[in-house]
1. How do the strands (runs of 3 or more DSSP E) wholly within the range 17-84 filter down when requiring 3 or more residues that are over 28 Å from the mean Cα position of the chain (by Cα) and surrounded by 14 or more Cβ atoms within 10 Å (Cβ to Cβ): which remain?
2. Looking only at residues that are modelled with pLDDT under 95 and charged (D, E, K, R) in the range 143-162, which one is surrounded by the fewest Cβ atoms within 10 Å (Cβ to Cβ)?
3. Being assigned to a helix (DSSP H, G or I), modelled with pLDDT under 90 and in contact with a strand residue (DSSP E or B) (Cβ under 9 Å, 6 or more places away or on another chain) narrows it down to one of Glu140, Glu184, so name that one.
4. Looking at Ser114, is it in a strand (DSSP E or B), among the hydroxyl-bearing types (Ser, Thr, Tyr) and either within 25 Å of Gly210 (Cβ to Cβ) or modelled with pLDDT of 90 or more (or both)?
5. Scanning the range 354-366 for residues that are surrounded by fewer than 18 Cβ atoms within 10 Å (Cβ to Cβ) and in contact with an Asp or Glu (Cβ under 9 Å, 6 or more places away or on another chain), which turns out modelled with the highest pLDDT?
6. Out of the residues in the range 96-111 meeting the condition of being more than 19 Å from Ala245 (Cα to Cα) and among the charged types (D, E, K, R), tell me which one is modelled with the lowest pLDDT.
7. Quick check, is Ile203 in contact with a His (Cβ under 8 Å, 6 or more places away or on another chain), touching a residue at least 40 places away in the same chain (Cβ under 8 Å) and part of a helix (DSSP H, G or I)?
Amino acid sequence: MATVVTSTRFTDEYQLYEELGKGAFSVVRRCVKKSTGQEYAAKIINTKKLSARDHQKLEREARICRLLKHPNIVRLHDSISEEGFHYLVFDLVTGGELFEDIVAREYYSEADASHCINQILESVSHIHQHDIVHRDLKPENLLLASKMKGAAVKLADFGLAIEVQGDQQAWFGFAGTPGYLSPEVLRKDPYGKPVDIWACGVILYILLVGYPPFWDEDQHKLYQQIKAGAYDFPSPEWDTVTPEAKNLINQMLTINPHPWVCQRSTVASMMHRQETVECLRKFNARRKLKSQGNNSKNSVVSSSSTKDSSMSSSAPMEIIKMTEQLIEAINNGDFEFRVLFFDFLLSKNSKPVHTTILNPHVHLIGEDAACIAYIRLTQYIDSQGRPRSCQSEETRVWHRRDAKWLNVHFHCSGAPAAPLQ
């Protein structure tokens, strides 16, 4: 179907249904084309709230999307402008985020990662052939066409995309998501299509081991890592990754063909990467925690089954908060807070930069005791300045004395909360 801006009223052509998502100036709703019964996703932009610059960005996004017709790109089918609103009608993709799908799989190998990155690179190659730079390649913009096995990966969201002239390098402004920005953008140097390939390298790294090559809660330090290219392939998780895959990551600032992508059936390892799935699950959880302001905690707390417990319903959240404060105090060496507590200590040769509690489950025992179980993900910089991560399953027992909670027991399974050098 030809994609053209039309003066037809949207409601004459389409029937609107439930909301699928929401942005600052837009909402996405499922819609059905009346003449065919075909389902789509309508991005409805409230143009009354847009500045002149925002109008230009909207026109650019629509213009770019009209150019792109590829099986691995969410396609724009229609663009309708009315008084106060603009409608962009896209493919309806129902498979959710690629990274969320991976953690739900029973089997995930390096060959699967190769298949995923191949589709991503196919989409990037297509937009580059049309002289488009996406500038915001990241997990949230990698969707699956459906929930069927083998569904196509779809690149979405061209809100930050720009048009360039061939291999033109210029300063197009600072845009993107921190962990996926390229060194040239951070240096405010002229840039072009290679910034998308850099982001693909970051995505491939995550696809293979489940955590990013560059990270730091301090954005300035994160940017310093990226500009220095300070990443590595630490043991043991990278020991089973093929040299071809590592080499591809090292070469991702070029667009040259690479055998690991082109010949994945013969080069990519078929080993099941369960550790990657587990790490990716935690990486996803951390992304959601950041984007939702830690709202995910609310869905994983349970109260005790003890019928006579009169403890306040706010107690589980209080226990989670106390546990987080304790871990933060341990990481920061706050010995006043951790008096009477016993825990693993971080060595002087390493520095934690982020600790996340995943899947906390609180069990209340009577009025003055509680047990909390959780997974603790610690990310830190080792003595050589390299980013590392480790995880452990932990249990703590809290007891309330004189209206104060004390941690009276601690158990750790797996790796310690912080590595001992």
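The values are calculated or read from the model by the stated rules, or taken from the named source; none is laboratory data. Small disclaimer: the values here were computed from a predicted structure and weren't measured. All Cβ positions, even for glycine, are placed from backbone atoms using ideal geometry, and neighbour counts span all protein chains on display.
1. Working: elements: 26-33, 39-46, 76-82.
Where strands (runs of 3 or more DSSP E) fall fully within the range 17-84 and carry at least 3 residues being over 28 Å from the mean Cα position of the chain (by Cα) and surrounded by 14 or more Cβ atoms within 10 Å (Cβ to Cβ), they are 76-82.
2. Per the criteria, the residue is Lys149.
3. Working: Glu184 fails: modelled with pLDDT under 90.
Checking each option against the conditions leaves just Glu140.
4. On the way: in a strand (DSSP E or B): no; among the hydroxyl-bearing types (Ser, Thr, Tyr): yes; either within 25 Å of Gly210 (Cβ to Cβ) or modelled with pLDDT of 90 or more (or both): yes.
No.
5. Only one residue tops the list, namely Gly366.
6. So the residue we want is Glu106.
7. Values: in contact with a His (Cβ under 8 Å, 6 or more places away or on another chain): no; touching a residue at least 40 places away in the same chain (Cβ under 8 Å): yes; part of a helix (DSSP H, G or I): yes.
So Ile203 does not fit the description; no.
Condition check ((1) assigned by the TED database to the domain that holds Asn247; (2) within 30 Å of Lys34 (Cβ to Cβ); (3) in contact with a strand residue (DSSP E or B) (Cβ under 6 Å, 6 or more places away or on another chain)) across all residues:
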residue	(1), (2), (3)
Ile73	no, yes, yes
Tyr87	no, yes, yes
Ala104	yes, no, no
Glu110	yes, no, no
Gln129	yes, no, no
Met148	yes, yes, no
Ala151	yes, yes, yes
